[in-house]
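Q: Could you have a look at this structure, given as structure tokens, before my questions?
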Amino acid sequence: MRKRIEAGVDVFSPEAMLIDPDCGLRMQSRDAAFGKLKNMVAAAGMVRAGYTG
């Protein structure tokens, strides 16, 4: 996920980047969706940390 977010930042500015969690999660079990959201938040935090210092 981190590489995909970084690829998006290459196209859009970090300020304009929006990470949208509604991508097929409705068809997942609650536990699977929660795990994917946790990974997404962690990846976005890692990328964000690289831009904020």
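The values are calculated or read from the model by the stated rules, or taken from the named source; none is laboratory data. Please read all numbers here as calculations on a predicted model, not as lab measurements. We place every Cβ from the backbone using ideal geometry, glycine too, and count neighbours over all the protein chains shown. Calculation scope for accessible area: heavy atoms of the full protein, side chains included, ligands and nucleic acids excluded. Shrake-Rupley method; radii C 1.70, N 1.55, O 1.52, S 1.80 Å.
Q: What tally of residues in region 13-31 results from selecting those that are under 18 Å from T52 (Cα atoms) and at pLDDT 90 or above? Reasoning before the result, please.
A: So the first thing to find is which residues in region 13-31 are under 18 Å from T52 (Cα atoms), and the list is 13-19.
Then drop every residue that is not at pLDDT 90 or above, which leaves none.
Count: 0.
Q: Please give the number of the condition K3 fails out of (1) open to solvent by less than 90 Å² (accessible area, probe 1.4 Å); (2) in a helix (DSSP H, G or I); (3) without any contact (Cβ under 8 Å) to a residue 24 or more places away in the chain; (4) of a type outside the set (D, E).
A: K3 satisfies all of (1) open to solvent by less than 90 Å² (accessible area, probe 1.4 Å); (2) in a helix (DSSP H, G or I); (3) without any contact (Cβ under 8 Å) to a residue 24 or more places away in the chain; (4) of a type outside the set (D, E) except (1).
Q: Of everything in region 7-30, what is open to solvent by 70 Å² or more (accessible area, probe 1.4 Å) and aliphatic (A, V, I, L, M)? Give them in sequence order.
A: V11, L18, M27
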